[in-house]
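Participant: My questions all concern the structure below.
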Amino acid sequence: MKPVTVYTTDMCPYCSSAKALLRKRGVEYEEINLARDPDARKMLRDLTGMSTFPQILIDGAPIGGFDQLLAADRAGRLPGLLAA
């Protein structure tokens, strides 16, 4: 399985939902909380083009936030995105 990174911030219901979905699917992930790191937030914005949370990367490639993760799961594309 490809590595998954979930960039989060404090008090973020979409972050909680994304992590819950990944756990439900048995996907291990690394969580990086950027609540107190403005430099890393800028880096993430430069990488993804987004400033919202969560931002989810699979094998270093941004897939978007919770809505995109949920859409991939519902469409049956999530296993393919995660396959090594």
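Participant: Across the range 1-18, which residue is nearest to A72 (Cα to Cα) among those that are in contact (Cβ under 8 Å) with a residue 24 or more places away in the chain and among the hydrophobic types (A, V, I, L, M, F, W, C)?
Facilitator: Result: A18.
Participant: Given the conditions (1) within 15 Å of L81 (Cβ to Cβ); (2) modelled with pLDDT under 95, and given that R25 satisfies all but one, which numbered condition is not satisfied?
Facilitator: Failed condition: (2).
Participant: Just for the range 47-84: of the residues that are hydroxyl-bearing (S, T, Y) and in contact with a Phe, Trp or Tyr (Cβ under 9 Å, 6 or more places away or on another chain), which one is farthest from V4 (Cα to Cα)?
Facilitator: T52
Participant: Taking the range 51-84, which residues are farther than 15 Å from Y14 by Cα and among the small types (G, A, S)?
Facilitator: Answer for the range 51-84, where residues must be farther than 15 Å from Y14 by Cα and among the small types (G, A, S): G60, A61, A72, A75, G76, G80, A83, A84.
Participant: Quick one: in the range 29-50, of everything that is exposed (fewer than 13 other Cβ atoms within 10 Å of the Cβ) and of a type in the set (K, R), which residue is nearest to the chain's Cα centre (by Cα)?
Facilitator: Of everything passing the filter in the range 29-50, K42 is nearest to the chain's Cα centre (by Cα).
So that you can scan it fast, the table gives a plain yes or no per residue for (1) touching a helix residue (DSSP H, G or I) at 6+ places or on another chain (Cβ under 6 Å); (2) touching a residue at least 60 places away in the same chain (Cβ under 8 Å):
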position	(1), (2)
A20	no, no
E30	no, no
R36	no, no
R41	no, no
F53	yes, no
F66	yes, no
A83	no, yes
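The values are calculated or read from the model by the stated rules, or taken from the named source; none is laboratory data. Only a predicted model underlies this, so the values are computations on that prediction, with no experimental measurement involved. For neighbour counting, all protein chains shown are included, and Cβ atoms are generated from backbone atoms with ideal geometry for every residue, glycine included.
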